[in-house]
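Please read the structure below before turning to the comments.
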Amino acid sequence: MIEDDLGIACTPTPLQRMDRLADALGSDAALLVKRDDLTGLALGGNKARKLAALATDAVAQGADCLVTGGGRQSNHARITAAAARRLGIECHLALGGEPPDHHDGNLLLDDLLGAHVHFDPADDYYGIEASITARAGRLRADGRSPYAIPVGGASTIGVGAYATAVAELRTQLDTDPDWMVVADGSGGTHAGLLAGLSAASPTRVLGVDVGTRPDLDTMVPALAADAAGVLALGAPNRTVLVDHDHVGAGYGELSAECRDAIRLVARTEGLLLDPVYSGKAMAALLSALRDGRIAAGESVVFWATGGSPALFARRYEADLTGL
């Protein structure tokens, strides 16, 4: 595995209990949160682990700019822009949709970090992937040496970063948890967790679809298998579980369940979740606890993947504050 010699991510991240949340739910499940919102770089988030590996590979290939993309409130875009500045090179972001009237949340930080932001009317997952490829091609034609990174950093290198994160988690626990729950955007983090689990582990991983990628059910196992092969780990042998019931109206659209989950966790644990990714993942976790899919007494590790800058996007202000 590529080491983080560039100091991109601050790891290991803390593992904390969420006893007040469990009490509020009347649940005897052991709820824990893996604080990957505290990876340090540009307000943190799970993408820093992936960028630590990807940036190192970019340097090895002699890249003079990083190229990636996502939605307007993409955490991955923000972290990539920050990683580029750590390397002293440019960053180009292909963001889906028409240019907005206001640059707020993550988009404001993209500007602050000096990223070259390119909006593309194609705002679906594979449309953005095509925009990344096209942008890198134009830069290459201009004599540049771009390093293209797929949406969410969901390449074999990026996915492998989360296989390593499982080994980190094991050092913080006496036994493997019954469950891990994580937001599923590109599927790379979910896939990495699957790749990092041993065949003997009882842990089930629940990925929560947030409306980014349309083919998570097939791509998560494929990405997991590719990463496990490169890292010489055993082939992932467990059922891939993806919750498609908490997307709401679509990617970046705040559902009532997501809003309520964000408020509950903020007011019980002082933990800030975002409306695009981790809020929806928590809504799914709360639902699974309430309907018994996660059984009484089971242990759960929730991966807090960051994204708090999106809380400051104007589009969410009225729903989150009740104003």
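Give the shape of the range 1-114 as rounded, prolate or oblate, defined through the alpha-carbon gyration tensor: a ≥ b ≥ c are the square roots of its eigenvalues, a/c under 1.5 means rounded, and otherwise the shape is prolate if a/b is larger than b/c and oblate if not.
Verdict is oblate for the range 1-114.
Which of the listed residues, Y251, G158, S201, is farthest toward the dipole's positive end in the range 115-271, when Lys, Arg count +1 and Asp, Glu count -1 at the beta-carbon?
Value computed over the given set: G158.
For the range 122-225, what is the accessible area per residue in Å² when the probe is 1.4 Å?
Here the per-residue accessible area is 35 Å².
Please compute the contact order of the range 109-177 in relative form: average sequence separation of alpha-carbon pairs under 8 Å and at least six residues apart, divided by the residue count, as a percent.
Details: 22 pairs, mean separation 12.1, N = 69.
Taking the mean separation of contacting Cα pairs over the length of the range 109-177, I get 18 percent.
For the chain, what does the helix formula give at 222 nm: sum of -39500 (n - 2.57) over DSSP H segments with n ≥ 4, over the residue count, nearest 500 deg cm²/dmol?
-12500 deg cm²/dmol
Return the sequence-ordered ³J(HN,Hα) values of the range 94-111 in whole Hz as given by the Karplus equation 6.51 cos²θ - 1.76 cosθ + 1.60 applied to θ = phi - 60°, using x for Gly and Pro.
In residue order, the calculated couplings are 9, 9, x, x, 6, x, x, 6, 10, 9, 9, x, 4, 5, 4, 5, 4, 5 Hz.
Expressed as a rounded percentage, what relative contact order does the range 179-323 have, with Cα pairs under 8 Å and six or more residues apart?
Working: 240 pairs, mean separation 38.6, N = 145.
Computed value for the range 179-323: 27 percent relative contact order.
Under the definition of Cα pairs under 8 Å and six or more residues apart, what whole-number percent is the relative contact order of the chain?
This gives 20 percent for the chain.
Please report, to two decimal places, log10 I(q)/I(0) for the chain at q = 0.10, 0.16 Å⁻¹ as given by the Debye formula with identical point scatterers on the Cα atoms and no solvent.
Results for the chain at q = 0.10, 0.16 Å⁻¹ read -0.52, -1.38.
By average Cβ neighbour count within 10 Å, what is the ranking of 33-42, 213-222 from highest down?
33-42, 213-222
What whole-number distance in Å separates the alpha-carbon centres of the range 21-60 and the range 142-209?
One Cα centre to the other: 11 Å.
For the ranges 256-263, 116-123, what's the packing order if you count other beta-carbon atoms within 10 Å of each residue, average per peptide, and put the highest first?
Details: 256-263: 19.1, 116-123: 15.9.
Descending packing order for the listed peptides: 256-263, 116-123.
The values are calculated or read from the model by the stated rules, or taken from the named source; none is laboratory data. Since the structure is predicted, the reported quantities are computational estimates derived from the model, not experimental observations. Positions of Cβ are generated from backbone atoms using ideal geometry, with glycine treated the same way; all protein chains shown enter the neighbour counts. When the accessible area is computed, the model is the full protein with side chains, heavy atoms only, and any ligands, DNA or RNA have been set aside. Shrake-Rupley method; radii C 1.70, N 1.55, O 1.52, S 1.80 Å.
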